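The values are calculated or read from the model by the stated rules, or taken from the named source; none is laboratory data. These numbers come from a predicted model, not from an experiment. A quick note on method: Cβ atoms are made from the backbone with ideal geometry, for glycine too, and the neighbour counts reach across all protein chains shown.
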Amino acid sequence: MFAAESYTSRHHIAIFSMACLCVLLGGPSYAAGAESLIIAGATYYEPGVSGPGWAWTDADHLELNGYAGEAIGAEGDLVLTLAEQNSVTESHAPDADITLCGMEVWGNLTLRGTGTLTATGSQCGIHVSQVLVVDGCTVDARAGGADITDEAVAGVIAGDMAVRGGGRVVAASAGSGAGVRAYGVYLQDAGLGDGASGCRLSVDASWLDATGADGGVACTGGSLVSARFVTPAGGAFGASGVVDAGGAVATHVVIEPDVATPPAGETDRGEVSDDGADKSPTDANPAAGELTTGPTANPALKPAATTTKTTTTVTKTTIAKTTKPKPATATTSSLPKTGDSNWIAASVMLFLLGTVLLAAACRC
């Protein structure tokens, strides 16, 4: 009888141990990545597909190499690696899921690589519902404002934006429709509930040139690391956008690394603090031009007609982007990892428990 009971006990322990291991191996992975991809007029739900100038290699990674075509959209987080020159233009197909932007991502988007991306659309060149990171590549995002009324248009619309690794960004917009507000970069909460922690711009040893009749950069705050304002003179982050030394909203904003050779007449090379307190000299007026690859190049666009502002308030209404509603999630400064740390810790605990129980079963 004792032998039978001992066998039954070992049997139960073994079953419990295997159940733990099954939970460990079969539990959710919480892998980050896009649930679907819209590109070249088609929608894909699984990675491992490609076409002329593009390849969706895995859930969170898309590669562009000489792509020139219709808009790109993604539901979820996406890392986009650029090689050579690439361009995306809003789709004009009547049944398209993405129609007003050159690129639209409902999640976090990281642009990286050695190539370039030109994105154009009616309402925005690039729209990102959470964090946009430009890491070392060159981006030109423009909105034309065609057929847009009672909305904000911008070269870049995002929750937060970071330019780092020597990245270069030109963002510009125009619009003549009734009620149109035009910005270069427009950072909005988009219903994510981030409050004061969202809608921030960060530039780290990189270039940004943003132009819009109602504000070059609309945001609630920001920081410059190893970078400085070149335009406007004495620029700083105001309560709702970048302002000049007099507190007026700047319609043209140029930021460059503070190690770059300053334009003629400038001598201030100091690093700009988080609140943008360092002032560029009053005669700072860099020559207009597009982004180039030289380390001392000034990425400024041809400045728009000067508009005198009497207030620093920018209307921060959420842009009506209803084509791809996403549930609210927390915004982070970079893309989330492909695994959930809490699940990993629980999995390790279960694995250790299963090992101990199996060893105990063998000793019985």
- [ ] Run down Arg228, Arg181 and say which single residue is among the basic types (Lys, Arg), crowded, with 21+ Cβ neighbours inside 10 Å and at pLDDT 95 or above.
- [x] Arg228
Open item on the list: Just to be sure I understand, how many residues within the stretch 63-78 are crowded, with 23+ Cβ neighbours inside 10 Å and either among the β-branched types (Val, Ile, Thr) or in a strand (DSSP E or B) (or both)?
Closed with: 5
TODO: Can you tell me which residue among Ala152, Ala162 is more than 10 Å from Cys124 (Cα to Cα) and among the aliphatic types (A, V, I, L, M)?
DONE: Ala162
Open item on the list: With the requirement that a residue be modelled with pLDDT under 90 and crowded, with 16+ Cβ neighbours inside 10 Å, what does the stretch 15-57 give you?
Closed with: Ser17, Cys20, Leu21, Leu24, Ala32, Gly33, Ala34, Ala40
